[in-house]
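Working notes, structure below.
The values are calculated or read from the model by the stated rules, or taken from the named source; none is laboratory data. In this text the structure is predicted, and so the values were computed from the model without any measurement. We place every Cβ from the backbone using ideal geometry, glycine too, and count neighbours over all the protein chains shown. Please note that ligands, DNA and RNA were not included when accessible areas were found on the heavy atoms of the full protein model with its side chains. Shrake-Rupley method; radii C 1.70, N 1.55, O 1.52, S 1.80 Å.
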Amino acid sequence: MVPAGHLLLLLVLASLGVAAAAGADEGFCSAEPSNDGSQWPPLYSKVTSPTLAPVHLQDLPGFTRSVLKKDHAVITPESHVFSPLPNWTNTLGAYLISPALGAHFTMYLANMQDGSKSALPPKDVERLIFVVQGSTALSVESRTTQSLLVDSYAYLPANMKHSVISDKPTTLVIFERRYTSIGDYQPDLVVGSTDKQPLLETPGEPGEYLNVKEVHYNQHGLLLLEGQGIYRLGNSWYPVQAGDTIWMAPFVPQWYAALGKTKSRYLLYKDVNRNPLI
């Protein structure tokens with residue numbers, strides 16, 4: 001796990017339970033490890049091949065569940081616009097969150113194919129990669145190449161030379177932001193997988209909910225990986241499902257309840273363990 005207080009990017013992968021958000025930096029919430037590629041349908045198929053629910057809305061011209069407000073946004077899969085990622089090879093990307101919203105980070109999907117290769121982020125920009133489908137080979141400077149499977153992640157400090165190469169259809173979720181240094185500290189490369197992390201006993205069954213209506217200085221970028229539920233953002237309430245992305249500005253009231261028949265599991269960006277003045 002990313003060392004507390006050292007990095008501006010925090011990866012939280014959680015199955016919703018009453019204490020899911022409050023205990024996020026203590027470990028990952030319970031989830032069945034399934035990164036060997038043998039599961040069918042794939043673990044995050046509703047993220048990589050989403051369907052619009054209710055089904056009859058798929059044929060309604062112009063319909064979208066996406067919403068944009070000054071302090072939050074809900075970006076749903078039917079609104080995604082993919083185009084070639086700058087300087088990447090054979091890769092299409094969809095930017096879900098960017099500074100144009102008011103965020104201080106970017107969050108995007110990268111759809112890679114056989115022969116795809118990543119580009120470096122801009123100067124002084126740190127990057128975090130999470131694999132939701134397929135697998136990639138990560139090469140970092142002069143170090144050996146590592147394979148990243150589903151549920152694997154890699155934190156790449158700013159200005160660290162690296163490449164991600166794929167030989168099969170692969171989907172990555174990528175977070176990037178400009179790194180702000182603290183003294184002479186230099187962050188390290190972090191590579192891992194969620195099934196190697198300590199688990200929190202938070203079952204995340206439908207009907208459970210966060211026990212705190214949060215209001216804090218942190219921003220969020222969230223991708224719902226599994227499940228469905230209701231999200232309160234400000235004074236609005238939104239039905240959300242796997243594949244939906246949410247941006248939350250600082251101090252926007254937020255709350256979530258899991259519904260449906262499956263657990264809720266989400267990938268979350270949160271700028272924590274830093275003085276807000278830095």
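If I model a spin label as a point 7 Å beyond the Cα along the Cα-Cβ vector, how far apart are those points for ARG274 and ASP114 in nm?
Result: 4.1 nm between the two label points.
For the full complex of protein chains and a 1.4 angstrom probe, list ARG232, ARG274 by accessible area with the highest value first.
Details: ARG232 50, ARG274 25 Å².
Result, largest first: ARG232, ARG274.
Would you kindly give the portion of the calculated P(r) for region 131-275 that falls above 24 Å, as a percent of all Cα pairs? Don't skip to the answer; put the middle values down first.
Working: 4657 of 10440 pairs.
Beyond 24 Å sits 45 percent of the P(r) for region 131-275.
With labels modelled as points extended 7 Å from the Cα through the Cβ direction, what inter-label distance (nm, one decimal) is found for ILE182 paired with TYR217?
My value for the distance between the label points is 1.3 nm.
Quick check for you: with a 1.4 Å probe and neighbouring chains kept, what is the accessible area per residue of region 53-168, in Å²? Don't jump to the answer; show the numbers that get you there.
Working: 5630 Å² over 116 residues.
Solvent-accessible surface per residue comes out at 49 Å².
Taking 0.36 nm per residue of separation and subtracting the Cα-Cα distance, what length does fully extending LYS69 through LYS196 add?
On the way: separation 127, 0.36 × 127 = 45.72 nm, distance 3.76 nm.
Gain in length upon complete extension: 42.0 nm.
So if we plug the beta-carbon distance of ALA100 and SER236 into 1/(1 + (r/R0)^6) with R0 = 22 Å, what FRET efficiency do we get, rounded to 0.05? Could the numbers behind the result be given before it?
On the way: r = 21 Å, r/R0 = 0.94.
E(calc), rounded to 0.05, equals 0.60.
With labels modelled as points extended 7 Å from the Cα through the Cβ direction, what inter-label distance (nm, one decimal) is found for SER79 paired with ASP167?
Roughly 3.9 nm, to one decimal.
Can you put TRP255, TRP237, TRP247 in order of accessible area, largest first, using a 1.4 Å probe?
On the way: TRP255 40, TRP237 140, TRP247 5 Å².
The most accessible residue leads, giving TRP237, TRP255, TRP247.
If region 114-175 were replaced by its equivalent ellipsoid, with semi-axes equal to the square roots of 5 times the Cα gyration tensor eigenvalues, what would those be, largest first, whole Å? Let's see the in-between values first.
Values: eigenvalues 65, 31, 22 Å².
Each semi-axis is √(5λ); the values are 18, 13, 11 Å.
Taking 25 Å as R0, compute the FRET efficiency from the Cβ-Cβ separation of ARG143 and TRP88 and round it to 0.05. It would help to have the intermediate numbers written out before the result.
Numbers: r = 21 Å, r/R0 = 0.85.
The formula returns an efficiency of 0.70 here.
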